[in-house]
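Structure first, then comments.
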Amino acid sequence: MRVTVAALETVRGGLAHPASNARARWTERGGVLIVLACEKGHRGQGEASPLPGFSPDTADAAWRALAGLAGRAFPCELDLCLPVAPQVAAILREHAPAEPSVRFALETALFDLAGQRLGLPVSVLLAGSWPTRAVPLAALLDGEEPEALVAGARAARLAGFPAVKVKVARPWRFEAELEALERVRLELGSHVALRLDANGAWSRAEAPVRLAALARFQPEFVEQPVPADQLPGWRDAPVPLAADETLALPGGFDRLRAEGGAQVAVLKPTVLGGLLRCRALAAEAQAAGMQVVISHALEGPVALAAAAELALSLETAPLACGLAPHAGLEAWPGAAVKQLAGPAIVPAPVRGLGLAPLAGSA
Ligand SMILES: [Mg+2]
């Protein structure tokens, strides 16, 4: 199969429901879409949407890198009689884009195109076998006010989500957050897990007190209570901990594995460099006794579908994944992510990502 670049375009749009965490607030979202084509007219889509204030790269850098790759790496050949994943890995190695979102976009588009041509989902191309199970989803509760959080918790419980996540650690709001969490925990009952995410906002000195106050809500885990470089080596936390920002540090995962500090690894392909890299990290983390969550960075439907296929492809089941539809999707033209069915990612007999071409890319 001869692969060429059919389109490269930016997408940007406002969010009617802004997203926020302890450190940032997003009122608009966007990224770069790359569309690859083969000689038989199939198309594969990939998305580079670095999250400002979170990702190590930027949308401008992603655009420049993808434009450069378009002239350098293409046309290229994929032999569809051979396994696709090693060929995609070789293309990435040869052209070695440094920006993690660009690696993700490039490999997503290649896998989507190969899947369209072969009539196989991306998860099958990644794993070499068909997924045998659905993957439960965790719902991210929007809003900062207690009423919004409680309403979100109720909706998630009634919809059958096994877990919800709440962002905490906003400046000067901890007491209000505790009151809101009291109500959220009550609303969730004992069967829905509660995850909390501090996005690295607390110092190593204050975090133990904060976590001790949160322990009564029996969180499944608290994600990134301290800055990225301060999590490795922390062994006496009063609640289970998850690593997110730490994993984006060079050597961050290796330090966690060697020194401890987190029982859960939150893997985001946009931030960590794509599907193959996250699959390798997931396997290493699980082999080291950690649990794994696949999550998004408020990207569009192409990245979300790709992350859903990644979750389905894992040989060892992840925890409920943070891939439920989110506020960032408002910035993108409508496209149904077929793998997401209520409170679970369900294996679907899709071709590639199973997405219709986004507006302007057909
Ligand atoms: Mg996080």
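Show the residues, 5+ positions off or on another chain, whose built amide H is closer than 5 Å to the amide H of ALA19.
Correct list: TRP26.
Work through the residues other than GLY71 whose Cβ is under 15 Å from its Cβ and net out their charges, Lys, Arg +1 and Asp, Glu -1. List each step's numbers first, then the result.
On the way: positive: ARG64, ARG72; negative: GLU94.
Residues close to GLY71 contribute a combined charge of +1.
Using the count of nearby Cβ atoms within 10 Å as a rough guide to exposure, how do MET1, MET290 rank from fewest to most? Each step should come with its number before you reach the end.
Values: MET1 17, MET290 20.
Least crowded to most crowded, the residues run MET1, MET290.
Do you know the relative contact order of the stretch 257-308, to the nearest whole percent, from alpha carbon pairs under 8 angstrom that are 6+ apart? Mind showing how you got there, number by number?
Details: 55 pairs, mean separation 21.9, N = 52.
Computed over the stretch 257-308, the figure is 42 percent.
Along the charge dipole of the chain, Cβ charges K/R +1 and D/E -1, which of PRO86, ALA19, PRO146 sits furthest on the positive end?
It is PRO86, whose Cα lies furthest towards the positive end.
How far is it, in nm, from the label point at ARG133 to the one at ALA89 when both lie 7 Å from their Cα along the line to the Cβ?
2.4
In degrees, nearest 10, range 0 to 90: what is the angle between the Cα axis of helix 174-188 and the longest Cα principal axis of the chain?
For helix 174-188, the angle is close to 70 degrees.
How large is the helix-only mean residue ellipticity at 222 nm for the chain, computed as the sum of -39500 (n - 2.57) over DSSP H runs with n ≥ 4, divided by its residue count, in deg cm²/dmol to the nearest 500? Write out the running numbers ahead of the final one.
On the way: 11 runs with 126 residues, N = 362.
Mean residue ellipticity at 222 nm (helix-derived): -10500 deg cm²/dmol.
Counting only DSSP beta bridges with both residues in the stretch 135-345, tell me the antiparallel percent, nearest 5.
Numbers: 4 of 25 bridges.
In the stretch 135-345, approximately 15 percent of DSSP beta bridges are antiparallel ones.
Calculate the length of the line joining the C-alpha centroid of the stretch 168-208 to that of the stretch 323-342, in whole Å.
For the stretch 168-208 versus the stretch 323-342, the Cα centre distance is 26 Å.
What's the magnitude of the charge dipole for the chain around its Cα centre, counting Lys and Arg as +1 and Asp and Glu as -1 at the beta-carbon? Answer in Debye, nearest 20.
On the way: 33 positive and 36 negative charges, 89 e Å.
That gives a dipole near 420 debye.
So, with +1 on the Cβ of K and R and -1 on the Cβ of D and E, and no other charges, what is the size of the charge dipole of the stretch 145-202 about its Cα centre, to the nearest 20 debye?
Numbers: 9 positive and 8 negative charges, 49 e Å.
I would put it at about 240 debye.
Treat the count of other C-beta atoms within 10 Å as a stand-in for reagent exposure and order SER313, SER101, SER20, SER129 from fewest to most. Intermediate values should be presented prior to the final figure.
Values: SER313 26, SER101 34, SER20 16, SER129 10.
Arranged by neighbour count, lowest to highest, SER313, SER101, SER20, SER129 become SER129, SER20, SER313, SER101.
In debye to the nearest 20, how big a dipole does the stretch 135-345 give about its Cα centre with +1 on each Lys and Arg Cβ and -1 on each Asp and Glu Cβ?
300
Compute the signed sum of charges (Lys and Arg +1, Asp and Glu -1) over the other residues within less than 14 Å, Cβ to Cβ, of GLN291. Write out the running numbers ahead of the final one.
On the way: positive: ARG195, ARG257; negative: GLU220, GLU223, ASP244, GLU284.
Neighbour charge sum, excluding GLN291 itself: -2.
Straight-line reach from LYS167: which lysines have Cα under 19 Å away, leaving out those fewer than 8 places along the same chain?
The reachable lysines, counting only those whose Cα sits under 19 Å from LYS167, are LYS268.
Just to confirm my numbers, what's the Cα centroid distance between the stretch 216-264 and the stretch 269-306 in Å?
Centre-to-centre (Cα) distance: 16 Å.
Positive end of the charge dipole of the stretch 135-345 (Lys, Arg +1 and Asp, Glu -1 on Cβ, about the Cα centre): tell me which of ALA159, THR316, ALA282 has its Cα farthest that way.
THR316
If you take the square roots of the eigenvalues of the alpha-carbon gyration tensor of the stretch 122-214 and sort them as a ≥ b ≥ c, do you get rounded (a/c under 1.5), prolate (a/b over b/c) or oblate?
Details: a/c = 2.72, a/b = 1.60, b/c = 1.70.
Since a/c reaches 1.5 but b/c is at least a/b, the shape of the stretch 122-214 is classed as oblate.
For the stretch 2-120, build the charge dipole from Cβ charges (+1 Lys, Arg; -1 Asp, Glu) around the Cα centre, then report which of PHE74, THR10, ALA109 sits farthest towards its positive end.
Final value for the positive-end residue is THR10.
What does the net charge come to around ALA228 if you take all other residues with beta carbon closer than 9 Å to its beta carbon, with K and R at +1 and D and E at -1?
Surrounding charge for ALA228 is -3.
GLN218 to ARG154: FRET efficiency via 1/(1 + (r/R0)^6), r the Cβ-Cβ distance, R0 22 Å, to the nearest 0.05?
Working: r = 19 Å, r/R0 = 0.85.
In this case the efficiency is close to 0.75.
Taken together, the values in this text are just the output of simple stated rules run on the coordinates, not laboratory data. Because the structure is predicted, anything quoted here is derived from the model rather than measured. Note that we place each Cβ from the backbone using ideal geometry, even for glycine, and neighbour counts take in every protein chain shown.
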